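Here is the structure we will look at, set down as structure tokens.
The values are calculated or read from the model by the stated rules, or taken from the named source; none is laboratory data. None of these values were measured; they are calculated from a predicted model. Cβ coordinates were reconstructed from backbone atoms using ideal geometry, including for glycine residues, and neighbour counts include every protein chain displayed. Side chains are part of the model used for accessible areas, which takes the heavy atoms of the whole protein and leaves out ligands, DNA and RNA. Shrake-Rupley method; radii C 1.70, N 1.55, O 1.52, S 1.80 Å.
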Amino acid sequence: MTAITEEQKQIVKSTAPILKEHGKEITSIFYKKMFADHPELLNYFNLTNQEIGTQPLALANTVYLAAENIERLEVLLPQVKTIAHKHRSLTIKAEHYPIVGKYLLKGIAEYLGDAATPEILDAWGAAYSIIANIFIEVEQEMYDALGDMQNQGFIEFKITEKQKIAPNVFTLSLARSDGGELVDFKPGQYVSLRVKIDDLFHNRQYSLTKAFDGSTYQVAIKQENEKDPAGVVSNHIFENYQVGDTILATLPAGDFGLDKAANQHVFIAGGIGITPIAAMIDSLETPSQVQLIHCVRSAEYALFATELKAKLGARYHLFAGENVTKGDLATLVEEDVAIYLCGPVPFMREVEAILLELGHAQASIHFEAFQPALSLIK
């Protein structure tokens, strides 16, 4: 591991505001240069997130946070683990990190021009090496936990069931077809599915929607036809994969899950955000521990409504075609409960702000977002 001097730490901290201000531009240069020289890496990255800009923002955000906390990187461990789960699910390996570091420095150098002195670039190179080694170590532990090498990459699964459950959502049930063991998972986790389109692999994460049954994984996939760009992978799977076909997937990953110390749980989902929550509720034996708030555009989009209402009864609250208000949350979310938010980022931000106004502790609110984090750098 490359050491970093105190002087270099100060250089990184003093130049970190440049990344906060211009991170999207710097990382966009980085991606363009890296993909030009290493087109094979296109098989690992979400090209839609590249196109709409969320992936460059996520990288800039991560590097900025690390730079700001270069003297106490341990505070970033929760964020590191969240990203590391995603990397493990995409089969990112240690050998990829030097490539990323090389082109990140190229991006910084090109954007800063003459201001990019050798001292600045050396300091950022040393900082990146430390950050990269933290990720490599955490991710290696995750790979090791999977056991056999057969479990550590993309695996063939057979589609045993395909069912449309809403106007724009379908479920797939997947059984492992390579003879390996189907491993248990933590409700709230996801699997990465991989498909090949026009000579490139495309990967997407889909939440597991049922507690582990020992034989299959079930995921729910939303067809994305209303957004621009449309959902490349989701639409491809819907149109081209049927029962009996095989599809590539990695074993479950993710750190969104039940707070084991909590006795009461309140789940708040927006639209497709119900998918990991459905598995979490399915795993709880006592419905009295649960309140569920599900916000959808209309009742036909309320996924798993029949099953959830049957299990939760009056503790299932559907807001169809109407927004959940501060008054609703004040009534339905009691004090000293674990709260779980999942859905579109604007929805989660709005609900989180209301919960904090109502006096709920930040530490009691748990999130799952279906896109890279956008919290600091805009």
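Within region 133-170, being touching a Lys or Arg at 6+ places or on another chain (Cβ under 7 Å) and either polar (S, T, N, Q) or under 28 Å from residue 320 (Cα atoms) (or both) holds for 168, 169, 170.
How many residues, within region 64-90, are among the β-branched types (Val, Ile, Thr), open to solvent by less than 20 Å² (accessible area, probe 1.4 Å) and within 25 Å of residue 202 (Cβ to Cβ)?
Kept after step one, since they are among the β-branched types (Val, Ile, Thr), are these residues of region 64-90: 70, 75, 80, 82-83.
Now drop any that are not open to solvent by less than 20 Å² (accessible area, probe 1.4 Å), which leaves 70, 80.
Those still in the list that are within 25 Å of residue 202 (Cβ to Cβ) too: none.
Residues meeting the conditions: 0.
Does residue 9 satisfy the criteria of being over 21 Å from the mean Cα position of the chain (by Cα) and at pLDDT 85 or above? Against the criterion (over 21 Å from the mean Cα position of the chain (by Cα) and at pLDDT 85 or above), residue 9 qualifies.
Selection of first residues in region 133-145 that are closer than 11 Å to residue 97 by Cβ and of second residues that are open to solvent by 90 Å² or more (accessible area, probe 1.4 Å) and not in a helix (DSSP H, G or I), restricted to Cβ pairs under 6 Å at least 6 apart or on distinct chains, gives the following pairs, ordered by first then second residue: 133/1. Taking every residue in region 200-213 that is free of Cβ contacts under 8 Å to residues at least 12 places away in the same chain and pairing it with any residue that is buried (at least 22 other Cβ atoms within 10 Å of the Cβ) and part of a strand (DSSP E or B), at least 6 positions away or on another chain, yields no pair with a Cβ-Cβ distance below 7 Å.
Residue 375 fulfils the conditions (1) modelled with pLDDT of 95 or more; (2) open to solvent by 40 Å² or more (accessible area, probe 1.4 Å) except for a single criterion, (1). Given the residues 292, 303, which is the only one that is crowded, with 17+ Cβ neighbours inside 10 Å, modelled with pLDDT of 95 or more and part of a loop (DSSP other than H, G, I, E, B)? Answer to the check: 303.
Quick check on region 151-202: of everything there that is in a strand (DSSP E or B) and polar (S, T, N, Q), which residue is surrounded by the fewest Cβ atoms within 10 Å (Cβ to Cβ)?
Narrowing region 151-202 to residues in a strand (DSSP E or B): 155-166, 169-176, 190-197, 200-202.
If we keep only those that are polar (S, T, N, Q) as well, we get 160, 163, 171, 173, 192.
Values: 160: 15, 163: 12, 171: 20, 173: 20, 192: 20.
Within region 151-202, the match that is surrounded by the fewest Cβ atoms within 10 Å (Cβ to Cβ) is 163.
In region 330-346, what count of residues is obtained for those that are under 17 Å from residue 289 (Cα atoms) and surrounded by 14 or more Cβ atoms within 10 Å (Cβ to Cβ)? Don't jump to the end; show me each part of the working.
The initial filter retains those residues of region 330-346 that are under 17 Å from residue 289 (Cα atoms), namely 331-341.
Imposing the further condition that a residue be surrounded by 14 or more Cβ atoms within 10 Å (Cβ to Cβ) reduces the set to 332-333, 337-341.
Qualifying residue count for the region: 7.
Can you say whether residue 287 is in contact with a strand residue (DSSP E or B) (Cβ under 8 Å, 6 or more places away or on another chain), in contact (Cβ under 8 Å) with a residue 12 or more places away in the chain and not hydroxyl-bearing (Ser, Thr, Tyr), as far as the supplied structure shows? Show your work before the answer.
Working: in contact with a strand residue (DSSP E or B) (Cβ under 8 Å, 6 or more places away or on another chain): no; in contact (Cβ under 8 Å) with a residue 12 or more places away in the chain: yes; not hydroxyl-bearing (Ser, Thr, Tyr): yes.
No, not satisfied.
Here residue 338 meets each of (1) touching an Asp or Glu at 6+ places or on another chain (Cβ under 7 Å); (2) at pLDDT below 95; (3) among the hydrophobic types (A, V, I, L, M, F, W, C) with one exception, condition (2). Scanning region 2-23 for residues that are open to solvent by less than 80 Å² (accessible area, probe 1.4 Å) and either in a helix (DSSP H, G or I) or in contact with a Leu (Cβ under 9 Å, 6 or more places away or on another chain) (or both) gives 8, 9, 11, 12, 13, 15, 16, 17, 18, 19, 22, 23. A Cβ distance below 8 Å, combined with a sequence gap of six or more or placement on separate chains, defines the contacts here; from region 352-364, residues that are farther than 14 Å from residue 270 by Cβ reach residues that are open to solvent by 70 Å² or more (accessible area, probe 1.4 Å) and not in a helix (DSSP H, G or I) in the pairs 359/335; 360/335; 364/336. Take region 326-362 and flag every residue that is of a type in the set (Ser, Thr, Tyr) and over 27 Å from the mean Cα position of the chain (by Cα). Correct list: 331 only. Looking across region 354-372, the residues that are open to solvent by 30 Å² or more (accessible area, probe 1.4 Å) and more than 25 Å from residue 254 (Cβ to Cβ) come down to 357, 358, 359. Considering only residues of region 264-289 that are under 17 Å from the mean Cα position of the chain (by Cα) and among the β-branched types (Val, Ile, Thr), which is surrounded by the fewest Cβ atoms within 10 Å (Cβ to Cβ)? Among those that are under 17 Å from the mean Cα position of the chain (by Cα) and among the β-branched types (Val, Ile, Thr), it is 272.
Residues that are polar (S, T, N, Q), in contact with a strand residue (DSSP E or B) (Cβ under 9 Å, 6 or more places away or on another chain) and assigned to a helix (DSSP H, G or I) do not occur anywhere in region 66-84.
The residues in region 94-113 that are surrounded by fewer than 16 Cβ atoms within 10 Å (Cβ to Cβ) and charged (D, E, K, R) can be counted, and the count is 2.
Filter region 109-150 for residues that are polar (S, T, N, Q) and part of a helix (DSSP H, G or I) and give the result. Give the derivation first.
Keep residues of region 109-150 that are polar (S, T, N, Q), which gives 117, 129, 133, 140, 150.
Selection gives 129, 133, 140, 150.
When region 230-263 is filtered for residues that are in contact with an Asp or Glu (Cβ under 7 Å, 6 or more places away or on another chain) and either surrounded by fewer than 16 Cβ atoms within 10 Å (Cβ to Cβ) or of a type in the set (Ser, Thr, Tyr) (or both), the ones remaining, listed by number, are 230, 234, 235, 243, 246.
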